[in-house]
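The values are calculated or read from the model by the stated rules, or taken from the named source; none is laboratory data. It should be emphasised that the depicted structure is a prediction, and the values quoted were computed from it without experimental measurement. We place every Cβ from the backbone using ideal geometry, glycine too, and count neighbours over all the protein chains shown. For accessibility, only protein heavy atoms count, side chains too; no ligands or nucleic acids. Shrake-Rupley method; radii C 1.70, N 1.55, O 1.52, S 1.80 Å.
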Amino acid sequence: MTALGAVLLAALLVWGARASARRGAFRGDATVATIVVVIAALLALFIFYPVGRALVAAALDEHGALAPGLAAERLFTSDIWSLACLGGGTRCGVAVNSLILATMVGVLTTVLGLVLALAAQRGALTRLPGGAGMVRLMTVLPLVTPPFVIALALIVLFGRTGLVTTFLNETFGLPRTRWLYGLAGVTLAQVLAFTPIAFMLLQGALAAVSPSLEEAAQTLRASRLRVFRSVTLPLLRPALANAFLLGFVESLADFANPVVLAGNFEVLSIKIFFAIAGAQHDPGRAAILACVLLAFTLVAFWLQQRWLGRASYVTVGGKGDGGVAAALPTGLGRTCAGVALVWIGFTLACYAVIAVGGFVRDIGRGEMTLSLSHLAAGFGIDTDNGLRFTGSAWDSFFTTIKVAALAAPLTAVIGLLAAYVITRHRFAGRRAFEFMTLVSFAVPGTVIGVAYIVAFNAPPIELTGGLLILVLCFVFRNMPVGVRAGVAALAQIDGTLDEASATLRASTARTLRRVVLPLLKPAIITTLVFSFTHAMTAVSAVIFLATAKHNLATVYIIGRVEAGEYSLAIAYSGVLILFMGAVLWAVQKITGGAKLGRRGGPNLVTGN
């Protein structure tokens, strides 16, 4: 599709939307009609169309003809569904391996996230200076960390020539093994990487539990343990279900940690990648594996809804609640604090490896001599004949910043406009439109990458190899975050403000521009920051879309890992962490805190 064709299509959509509004659709509101029609068309083109093409490609032969028998042959093969490892064999199929891994990671991240939330919210860490703050700090690091940093740190610590492995070998004579490369290593890396997400969910849910319910149980002489087991824990059920679901889905879609640590333990994301980029180029097989991955994700969503049922978990009502949350049982509180301290220490050790690894000769082999050679190789600058960026990492770094800077505002605009029409306007098909805006959240990034390759690799829409496909991938992958942030923010803004503007005969477009958007500043900032940082660190979708001309930071780092250049990969990871930490700090300083309804002036208490 040419640029002229895209412009003509956009004009046609806008004309059609306004024409439908003139005929009474969307209650005659041309602005709402335009927003809904344009966004729905974009979602259909960049989410439903590529995913649909990927599903169809699973049933096509090498000549492009429909072959359902071939699809069944591709699907029901032993290397996908084999259960040999459960019966004494050496390997299971990739689907079975992925399910085992995702289930283990989902359970472990949920349990560990609950333990950390209890320790930070109600346990002994609340009484230690900086204890709860340290746990919360650990939740920020994943936002600015490439997804394979933990895997790199684990190799440096526990690989065959790792620091801990060498120490144990030289001190206690323990043999060097490859235990890290397989299920154990991938599970450990993913648990460390995804636990902070579970912690954030469960901490918020724990803070929202009404103390009056726990006090009522204590009044009836229930012990601390029984209060926790029969009152607190059941009220956390939705958060526990969501934490498990996120851990499960993130593990299924994760590409970075398995590509570094999986070894002979094959999972779906790795198999999909090599079906596209390997010597046996087979898009049909990649599509069938992507369908299996998508099916697992959708089944997980369905099971979560079945488990929660229609029970009510409301704990915050309209009445004031000044009660004190129930203390944890003594043994449970100490256990949670102990586990939290171990987790904090282990996580800090991993990040210490990243902090030091880029500045020594070879941390992976224990050569700790100070050296800047890795930084010079990646980020060297020549000033002899003017400023020239000579390091091999600069091109991918600048490309990543460019893609993230283009994708973030588009994500915010589309997401918040969609949230506005969903929450503020009633029109036929509103529920279906809301579903369309959220469906990409349920599609793993690996599936999105395969779908874009299948759909946009040939006319009429040929985008692969260019910068635009990277931007579009990030925009529509991250858009649900903008939608949910906008919905949450608009829920706190009284709709009578819109009505007052309409009463003064302001159009919907003017109301949106002059009234709504200024009040959505926190949601806009949240969406921009999330979209930018996620675009800087994502890998599972764009690993298929990046090229030598338009390479990305995460793809470059994975290339260095595969080449055995761990020190350069660690140095680049450290640069990314520092850059995004600086971005978050700058955003915090620029935006400051929310000060709605408060004006500067005399002190109301002292009168000064």
* Once the other residues with Cβ under 10 Å from the Cβ of Ala67 are scored (Lys, Arg +1; Asp, Glu -1), what is the net sum? -> -2
* Structure fact -> To the nearest Å², the heavy-atom accessible area per residue of the chain with 1.4 Å probe amounts to 48
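Convex hull volume of the Cα atoms in the chain, per residue, in Å³? Before the final figure, lay out each step's value.
Numbers: hull volume 142.1 nm³, N = 608.
About 234 Å³ per residue, rounded to a whole number.
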* Largest to smallest accessible area among Trp302, Trp585, Trp343 [probe 1.4 Å] -> Trp585, Trp302, Trp343
* Structure fact -> Lys pairs in the chain with Cα under 28 Å (8 or more apart in sequence, or on separate chains) total 7
* To do: Can you pull the one-decimal nm distance between simple spin-label points at Phe172 and Trp15, each 7 Å off the Cα toward Cβ?
  => 7.6
* Asked: So between Lys589 and Val7, what do we pick up on full extension, going 0.36 nm a residue minus the alpha carbon distance?
  -> 205.6 nm
* To do: Using 0.36 nm per residue of separation minus the Cα-Cα distance, give me the extension gain between Ile401 and Trp179 in nm, one decimal.
  => 76.2 nm
* Just from its helices, what would the mean residue ellipticity at 222 nm be for the chain, if runs of 4 or more DSSP H residues each count -39500 (n - 2.57) and the sum is divided by every residue, rounded to the nearest 500 deg cm²/dmol? -> -20500 deg cm²/dmol
* **Within the accessible area of the chain (1.4 Å probe), percent carbon and sulfur** => 64
* To do: Can you tell me how much longer the chain between Val342 and Arg23 gets when fully stretched, taken as 0.36 nm per residue apart minus their C-alpha distance, in nm with one decimal?
  => 108.4 nm
* Structure fact -> Under the 7 Å Cα-to-Cβ spin-label approximation, Ser373 and Trp81 lie apart by a distance in nanometres of 5.3
* Please find the FRET efficiency linking Arg510 to Thr383, where r is the Cβ-Cβ separation and R0 is fixed at 51 Å, and quote it to the nearest 0.05. => 0.50
